[in-house]
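Novice: Let me begin by handing over the structure; questions about it come next.
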Amino acid sequence: MGRLRNLYRIAESRSGNITLTRFFNTLAWLSVFVLALTFKPKEAEAVRQKTIQKQPAKAKSGAPSRSRKALKASPAPEAAPEPDEPLEPREHVTYRTRPGENLINVLNRFQLSKGEKLTWTRSIKRDLSTRPLPPGREIHFFFGRRKAPSQRSGNLSLKALELDYDDAWTFTWEKDPKGILFQKREKPYDVEVHTASAVIDSTLYDSGQRAGIQPALLSQLADIFAWDVNLERDIGYGDSFKIVYEKRSRRGQETAPSLRILAAELINAGRKLTAIYFERQKGIGGYFNEEGRSLARAFLRFPLEFTSITSHFTGSRFHPVLRINAPHTGVDFAARRGTPVRAVGDGVVTAAKRNGAYGKLVEIRHESAYTTRYAHLDRFAYGIRDGVTVRKGDIIGYVGSTGRSTGPHLHFELYKDGQYVDPLSVDFPADDAIEPALQRRFEQHKQLLLVQLPSDTPS
């Protein structure tokens, strides 16, 4: 009995220990389970966040990444770049123009596809025309070269080009998905405003030079009032003029500063003539009187900057070479060899060649019934040839003494409907006056300039 009791006690003791052990084991599992419930959502959320962050990275690593990279390298990509022909970063090529070249001639030097060449040619003709460029100007081409060129598309793709047109303007063309965009940018410059005045005691030109006024300003003054005053016959002793002009210059450029008259006042035989330079649109302006009537005509009065006339239009004069009396069907202008000759109006060159007694001759047909001739030239201006379009004031050649001539001068002729006309007797109608919508702005601009004219004229 006692032995059985002892065995029972031992068994009970072991049973208690087992129960406690199971109890603690159960607590431990419960703790693990609770901890698992606590941390599992955070881990799942972290996994989801990590997945969301990775998705864009996968998208960037595909084909669109190369496309974006190409866009960054070339701001003006093709409208539909082919995925199997990715473009490398753009290549820069600089070209310097040669005499007689236009932008399309230069473009044809590069191996572009026919379609791309046609697109660029249309844009250039629309924005610049096909006139020859001044020689020595820089053109910057920006190409994208295809890594896998095909016969269909060619090896080069032109993205943009920049033309250093002259000392004042830069032209740019840039391709984007909508087409080719053109921009005309004016180069920065410094502007100074000055005044000058003179009293005439001989000719306008000589008196102005003695007063220290530059010849370019005197030529402008002559052009401004050429249709209102006969500067050779009507200007006399005691007449006077005043001008306000601007001087534009660019740092680092060797070219002479640009001069432009902003306002002018001419006293001729007691009559006062006034001219105001006014821009209807930015960069496009002209001269008007105080009432707002344009002083310009469709044609320039003279094909040269103002100079003296040595022989007028006449039915009979003694020819210095033939030594006989013969009609003189034009006007002769005295000028030094090499003096630039200007087209007096817009038109098309119908002849630029040597023509017997005329020597080197340029003939221009104008949109109206008029034709003009410029004879005895020393040489033609760059790009002047049959079929070329010119504008009023364009340089077409240089004074010489070719043909039947005794010395350097320009022989100028004007025809109307095929008949000779005295160039100095024709009075073309004036251009339009200031529009009513611009009249108030013109009045303010006029007053601002007129108060800057010198208050007195030197004796």
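FYI, it's all coordinate maths here, none of it is from the lab. Computed from a predicted model, the values in this text were never measured in an experiment. Cβ coordinates were reconstructed from backbone atoms using ideal geometry, including for glycine residues, and neighbour counts include every protein chain displayed.
Novice: Going through the cross-link list 125/353; 114/392; 247/416, which pairs have a Cα-Cα distance over 30 Å in this structure?
Specialist: Result: 114/392; 247/416 exceed 30 Å.
Novice: Still on this structure, please answer the following. Based on the Kirkwood radius over alpha-carbon pairs, what is the Stokes-Einstein translational diffusion coefficient of segment 343-459 at 10 °C with 1.306 mPa s viscosity, in µm²/s?
Specialist: Estimated diffusion coefficient is 93 µm²/s.
Novice: Would you mind checking the radius of gyration and Dmax of segment 352-398 based on alpha-carbon positions, in Å?
Specialist: Rg then Dmax for segment 352-398, in Å: 10.4, 28.
Novice: Obtain the nm distance between the two label points defined at residue 391 and residue 138 by a simple spin-label model: each point lies 7 Å from its Cα along the Cα-to-C-beta direction.
Specialist: 2.5
Novice: Taking Cα atoms of segment 178-270, Rg/Rh with Kirkwood Rh, to two decimals?
Specialist: 1.14
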